Structures are given as structure tokens and as C-alpha cells.
Ligand code: HEM
Ligand code: SF4
């Protein structure tokens, strides 16, 4: 599973970090950074939920 | 409540401002549409036709695609009661009527001021402003909660953010009311809604023109300075866009937060058990704020215009047609919320979309949340009793759901006693 955060859209609302703290971290630049680029399959649900909840719709999850 | 069978697609009206002034939000109609016709073609007199979108999932699908569904051509559904000619030059150009790629460039100029980290330093000032406003009504047994409390705080916060001096706050207040409530007779300073809006827009433009000149010479730590000295694609922001920016900030954060505050207190008056629950459990404040925002959903609608033929929920939408996103309807969607018509300050999860979503997601959402948190925390500590002391009067608008007047009988404790 591949996760990308669109840094132009992201505004540090931290929903992603609250939902999947193993994967997303919002840093001092107010942007969400990936702690793992290819999160393991067992995290799929969580990561998808983060993408769904992101107010700016900045997260995309794809399969490869 | 009348039965559902009294409604029919031919007769239901979800856009007439009179309807909103008289009855408040048409939840009965929206509920009917969600069930029977969630993507509904509307043709009303004096209104360009549009698709009414009433389901949560459909509003999300549309908001996620800012290149397929544009803001620019038609920002909202407007009932043209005066038969106005469409003006050849738009009166503004700001974030709400921009589209990608410009939109993101403009938004980035101020966006860091509005992130959770960006708004946190404002908390002490918001607390002071709120305390002062509540102090002013302490000792009285009656007030108009809108005039005396809920309208004062958001305005003061925005004025503070923009660096507008205290002496000019009243003037800002008037311009804002007249611009957004121009369709309501009480706020008409000119003979027509359009004249009133034009006049207040020009007033604001002139005011900020003077301020910009000053802030270019002497930048301060306020948002007026950030915009005045901001760059878009490496160039200074043109004057028209700059003035529109201030206009948007003044208008967008005012009526909305005011109405969430008024509607929030009204919800608590109508649901005393929830009020007691908040007083006893101050840690519920964050989820209470989310529920207040869901329950009141102050922005009724924005529109988008399709750039290509597309399909929503099986319904074909043609290029050039507009869709109208009814946020309050989405926030009562029974497919998303358990018991959507129950006001429950402990609601979790609460995936409401009162702040929209995606490209245009409310820039001020974190600020609004902080304001509401401060206001309702202080009210929970200080307001011992509140009840309606007369009828609630609603704004005549099908854009922002407003309460103009809400007379209450109350007992407010001094801040010291509350601490
Ligand atoms: C409870 C209070 C508020 C509500 C319910 C609210 C609601 C909304 C909604 C629904 C949108 C459009 C979202 C979309 O199209 O997806 C919006 C946009 C916006 N709001 Fe708010 N708002 C509130 C408070 C504020 C405050 C306090 C500010 C302060 C500056 C603000 C500034 C803006 C701006 C600048 C935009 C345009 C963003 C863009 O187009 O990129 N709002 N708001
Ligand atoms: S939820 Fe979205 S906007 Fe917020 S920090 Fe995460 S990626 Fe960024």
C-alpha cells in the first residue's frame, strides 16, 4: 500500500496523526509527514480512515 | 410536525429566503429529498436552475473534485428577487470564487495563521474578549443574546487578527451585517439589497486601502500585514484581490461563528439535560463544540458548476449545470449519523461537514472551534440560568442561517465567582 500526502493541500489539521499516529506526524512546518512510506497491509483500514477524515483531502492511498 | 405525505417534489421549496425567515431550516423537506430524490433538479422563479444535493456522501464526492466542479462560475444559489442584471464585472475575487491552480497559491498566503498551531496563541486574547462581553451583561436579568453576546465576540476576534483598532469595530460590525444580510429589511441601509451591499463593500474597501498603505510601510504582526506584503506566484497581490481577501476574512468569520453561538445556546435551552451534562463534565467541551457546529450548520449552501458531463448517484449532470450543496442536510443524513435529530454533546464519531471539505475547506475552522470552545466553557461556568424571553427572530437568508434576535432571561455570575 502506498500513501502520499499532498504537501500543497495539507494544512496541519492533524486528523491523520490522531487517526494513524504510526503513519503520520505533523511537524513544526504544519505539514503532515509520513513515518512509513509503505505501511503494512494490516494498517490499511486506519490509513484509509485518515484519508477519509482529512479535511483538506490531502491523502491518497493506492495499492502498489 | 406534518406528515411526509403533505410534501411533494412539485411544491417543496428549499431556497426561498422567506421560508428561512419564517420557519428556519427546511429539515422536513431535506429529509424527504434525501429519501426520495437526493439529486433533485430545481427550477424556481427568479433563480437559475440547479441540482439540489442533500446527501453527505455526494457533497463529499463533489467537494473532492475541485477541477471537475468549479466555484468560480456560480458561488451559491441566489434568489434574484430584485431582478438585478448580472454585473459584467464581479464585485470580488477571493478564495471562495477562485479555482485551482490560483486558489491554492492565494490560500497559502495566510493559511499558516489558521492551523491549530497558528491559532493557539490567540486563546488568551479570545478568553479576554469573551470575559469582557459576559461581564457587560452580568447583573442584568434580560438581554438579546445576539446583540449583546454572540455577535460581539467573533467580530472582535477578527478585528483583533486583522489589527483593526477598537474604535473602528462598530463600523466593521455594520458593514458586515449589511453585506451579508442585505436581503433582510432590518439591515438595509440603501433602498435595495444591492445598494446596501454595494455601499458596505465600498466602505470596507476604502477602509482597508488606507490600512494597506500603512502596513506596507510599517508591517505589524497582523493578518492585514501578511496579505499586504504577501506574494502569489512570486508577484505582489494585486489590489483588487487584496481588498477582496480582507473582505472575505471579515465576512466569513462573523455571521457563521455568531450563529453557531446563538444556535448553540438555543440548543442548550431546548435540551437542558445536555446543558447540565456540559456543566458537570467540562472535558466534554471539544465534542460539544463539534455537536453545536453539526446541529447549527450555519452555512446553508454553496454551489459548484460542472466542467464536464458527469454522474452523481446515477443522475447525469451536464457540463455547465450547477449543483447546490446543502450542508445542513448532509449533517442530518441518517446513513451517517445515528439519531441525527438528537442533540448529543457526547456524539462520537461526528464526521459533520459544516466546514465543508477539500480545496475550500473552511480556512477559519480551527479559529471558529477555538472561539466556540472558549465561549461555551465560560458560559458553562457562569451562566446559571437561561430561558427564552420572547420569540427567536430569524434572518431572511438562504445562505447563512441566522438568528437576528434571541431575547433571553438569564442569570450570569461574575467571572471571579465562577473561577
Ligand atoms: C462556525 C463557524 C464557521 C462555519 C460553519 C464556516 C463554514 C464554512 C464553509 C462551509 C466554507 C466553505 C467550505 C467548502 O466550500 O468546502 C467556509 C469557507 C471559508 N471560511 Fe468558514 N466557517 C466558519 C467560521 C470561519 C471563520 C471564523 C473564519 C475566519 C477567518 C472563516 C473563514 C473562511 C474562509 C476564508 C473560507 C474560504 C476558504 C476557501 O475558499 O479556500 N470561517 N467556511
Ligand atoms: S489531516 Fe490532512 S490536512 Fe490535516 S495534517 Fe493530515 S494530511 Fe494534513
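Among the residues of region B:124-139, is any under 23 Å from residue B:296 (Cβ atoms), assigned to a helix (DSSP H, G or I) and within 16 Å of ligand 2 (Cβ to nearest atom)? No, there is no match, as no residue in region B:124-139 is under 23 Å from residue B:296 (Cβ atoms), assigned to a helix (DSSP H, G or I) and within 16 Å of ligand 2 (Cβ to nearest atom).
For region B:28-45, a residue qualifies if it is within 16 Å of residue B:59 (Cβ to Cβ) and part of a helix (DSSP H, G or I), and the qualifying residues are B:30, B:31, B:33, B:34. How about region B:109-140: which of its residues are touching a strand residue (DSSP E or B) at 6+ places or on another chain (Cβ under 6 Å) and at pLDDT below 95? None - no residue of region B:109-140 is touching a strand residue (DSSP E or B) at 6+ places or on another chain (Cβ under 6 Å) and at pLDDT below 95, so the list stays empty.
Scan region B:381-392 and give yes if some residue there is without any contact (Cβ under 8 Å) to a residue 24 or more places away in the chain and either surrounded by 18 or more Cβ atoms within 10 Å (Cβ to Cβ) or more than 11 Å from ligand 1 (Cβ to nearest atom) (or both), otherwise no. Explain how you work it out, then say what you get.
Filtering region B:381-392 down to residues without any contact (Cβ under 8 Å) to a residue 24 or more places away in the chain leaves B:390-391.
Keeping just the survivors that are either surrounded by 18 or more Cβ atoms within 10 Å (Cβ to Cβ) or more than 11 Å from ligand 1 (Cβ to nearest atom) (or both) gives B:390-391.
Yes; the residues of region B:381-392 include at least one that is without any contact (Cβ under 8 Å) to a residue 24 or more places away in the chain and either surrounded by 18 or more Cβ atoms within 10 Å (Cβ to Cβ) or more than 11 Å from ligand 1 (Cβ to nearest atom) (or both).
For region B:58-66, the criterion of a residue being closer than 29 Å to residue B:318 by Cβ, within 16 Å of ligand 2 (Cβ to nearest atom) and assigned to a helix (DSSP H, G or I) is satisfied by at least one position.
Taking the stated definitions as given, is residue B:288 more than 14 Å from every other protein chain (Cβ to nearest Cβ) and closer than 24 Å to residue B:117 by Cβ? Answer is yes for this residue. Residue B:182 - would you say it is touching a helix residue (DSSP H, G or I) at 6+ places or on another chain (Cβ under 8 Å) and modelled with pLDDT of 95 or more? For residue B:182, the condition - touching a helix residue (DSSP H, G or I) at 6+ places or on another chain (Cβ under 8 Å) and modelled with pLDDT of 95 or more - is not met. None of B:271, B:360 is in contact (Cβ under 8 Å) with a residue 24 or more places away in the chain and away from chain A (no Cβ under 14 Å) except B:271. Looking across region B:225-240, the residues that are part of a helix (DSSP H, G or I), at pLDDT 95 or above and closer than 17 Å to residue B:93 by Cα come down to B:227, B:228.
Of all residue pairs spaced 6 or more apart or on separate chains, those with beta-carbon atoms under 8 Å, a first member in region A:14-27 that is in contact (Cβ under 8 Å) with a residue 40 or more places away in the chain and a second member that is within 16 Å of ligand 1 (Cβ to nearest atom) are A:15/A:53; A:15/A:54; A:15/A:55; A:16/A:53; A:16/A:54.
Per-residue answers, yes or no, for (1) within 10 Å of chain B (Cβ to nearest Cβ); (2) near ligand 2 (Cβ under 7 Å from one of its atoms); (3) under 25 Å from residue B:370 (Cα atoms):
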| residue | (1), (2), (3) |
| --- | --- |
| A:7 | no, no, yes |
| A:19 | no, no, yes |
| A:22 | no, no, no |
| A:30 | yes, no, yes |
| A:34 | no, no, no |
| A:42 | no, no, no |
| A:48 | no, no, no |
| A:56 | yes, yes, yes |
| A:61 | no, no, no |
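Answer yes or no: is there a residue in region B:97-108 that is in contact with a strand residue (DSSP E or B) (Cβ under 8 Å, 6 or more places away or on another chain), over 30 Å from residue B:234 (Cβ atoms), within 15 Å of ligand 1 (Cβ to nearest atom) and not in a loop (DSSP other than H, G, I, E, B). No, that holds for no residue.
Residue-level check: of (1) without any contact (Cβ under 8 Å) to a residue 12 or more places away in the chain; (2) away from ligand 2 (no atom under 16 Å from the Cβ), residue B:349 misses just (2).
Within region B:325-335, is even one residue farther than 22 Å from residue B:34 by Cα and either away from ligand 1 (no atom under 11 Å from the Cβ) or in contact with a helix residue (DSSP H, G or I) (Cβ under 6 Å, 6 or more places away or on another chain) (or both)? Scanning region B:325-335 turns up no residue that is farther than 22 Å from residue B:34 by Cα and either away from ligand 1 (no atom under 11 Å from the Cβ) or in contact with a helix residue (DSSP H, G or I) (Cβ under 6 Å, 6 or more places away or on another chain) (or both).
The values are calculated or read from the model by the stated rules, or taken from the named source; none is laboratory data. All values reported here derive from a predicted model rather than from experimental measurement. When we count neighbours, we look across all protein chains shown, and the Cβ atoms used for this are built from the backbone with ideal geometry, even at glycine.
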